[in-house]
Structure formats: C-alpha cells, structure tokens
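Step one of this worksheet: look at the structure below.
What follows is calculated from the coordinates using simple rules that are stated; it is not laboratory data. Being a predicted model, the structure only gives us computed values, none of them experimental. Virtual Cβ from ideal backbone geometry, glycine too; neighbours counted across all protein chains shown.
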C-alpha cells in the first residue's frame, strides 16, 4: 500500500500525488459522490442495491486509491477536483 497522506501534506487545489495514476472506476466515483452526500456504508449499499460488504469494499478502494485515511479527506479531494460541489 502507498504512503498515507494527511490533509496537512498538501494544499487546497493540489492533486494528491499518485491519485492520477490510480484512476477511480465509474462505480468508485459513484460511491465517492454518495460518501460526499453523507451516506453511510449501509445506505450506500441500499442505494446501489449491493451487499454491505461490497459497498464497504468500494469505500475502502476509494480511500486506498486516493491515499487518504478518512471519508472527510476523500470528500475534500473530490471537492478540489470538481467531482462534487462543496
């Protein structure tokens, strides 16, 4: 697994190193948007009509690919990239 970066390690508007080379899939982008809407893993699973385990796996992959540890960090990245509105 790559280096985990904290929010303090980069400035607003700057892409997270390595994130570009690990593009998110369409499903992962969908999950990231639902995370930004504040949905829990259980709610994401229901919305996507998948199991809780599958939704948790998608969330994990989003965090892993973005090299962040928290949903908040992932959402902040998505806002900076214009993927979601603040």
Taking 28, 69 and counting other C-beta atoms within 10 Å, the order from fewest to most: 69, 28
Quotient of C-alpha Rg and 2.2 N^0.38 Å, computed over the stretch 18-80: 1.01
